[in-house]
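Have a look at the structure below before the remarks.
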Amino acid sequence: MCPAARHRHPTFSTFVKESSRMSASTPQSAVTVLGLGPMGRALAGALLDAGLAVTVWNRTPGRDRELVARGAAGASSPESAVAASPLTVLCVVDYDAADAIVGREAVTSALKGRTLVNLTADTPARARETGAWAAAHGIGTPDAVFLHSGPEELYREHKPALDALGGTHTHLGADIGRAASYDLALLDIFWTAMAGYAHALALAKAEGVTARELAPFAQGIAAILPPLIETGAEEADTGSFSGDVNPITSAASSMKHIVQASEERGIDASVMRAAEGLARRVIGLGHGEDGFLRITDLLAPR
C-alpha cells in the first residue's frame, strides 16, 4: 500500500507489525517480500534498486521470474522466505489474505523474533485484532501507512530498510490501530472526492462539456482545497465552524442546484442529495450561519 504521509496512490496503505527481537544471524540488509502483485513487485524492485538482499514468494508461481532475473532469491514457501530475512514485507489484498499466509503455523513460527511489514488496508479494529494475534505469538505489531505506530525503537531499527521503499516516514505512537485510522480517514477524503469528480464528469457530459474541457477548471477547484483543509482542521478541533466566507445556507443552496440539474438530465444525484441533507439538518439545528464543516458534529457518534 502507499505512504500515507503523502499518498502516492490512495488504493494502497501500509501496516507494520514488528517483533520485539531480530534474528542476530541474519544480515540487516536482507528483506523478504510476500505477495507479488503489481505493488509487491514494485516494492521488491525498489528494495533491489536500493542494494538490499531480497527474497520473494508468491502464492501463484511464476510472478517472481523478473525479480529473480534482477537478483532476488525465489523462495519455495512463505516460511522459508520469512526465515531468510529479519524483515518481511507482506503485500496482499486484505487481512483475510494476509491471515491465510501468516496464520499458517509454520509461517507464524518463522516470524517469531522477526519484523513483519504488512501492506494491507483494513479497519483500525482489524489492525488491533491482528496486533493481539501477533502479540500472542511473540510478534509485536505496530501499524503504519508509512505513518508508523508501535514500538518506536523497532521503527528506528528498521528505518533504513523502510526508507528504501520511498515516501515520508513518520512515527505516530504506540497505539496499533492509529496508523489504520489515518489511512481510512485519508482514503475517505480521496474516494469521496473521486465520487464527486465522477458525478461532475457525468453532469458536464450531459450538458455537452467534455471531461478534457472540464479538467483544467477541475484542477483549479482542487487547488483551493489545501488551505480549506488547514483552516477546517483548526475549526474541527476547536468546534468553531466559521461561516463568514461561505455559510452552510449558501452551500445547501448550491447543492440543491446540482441535484436539480442532475435529475433533470436523468443523472443519479444520491451522493449530492445526502450531502445536501446533512447541510439542511445542520441548518435546522440553528447553525445556518456556520461553515459547511459544522456537519462534522452531526456525523460524530453521540
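Figures for the structure shown
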item	result
In order through the range 190-197: 3J(HN,Hα) via Karplus (6.51 cos²θ - 1.76 cosθ + 1.60), integer Hz, x for Gly, Pro	4, 6, 5, 5, 5, 5, x, 5
Gain on full stretching of the segment that runs from residue 197 to residue 123 - 0.36 nm per residue minus C-alpha separation	24.1 nm
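No lab work stands behind these numbers, since they all come straight from the coordinates. Note that the coordinates shown come from a computational prediction; the quantities given were computed from them, not determined experimentally.
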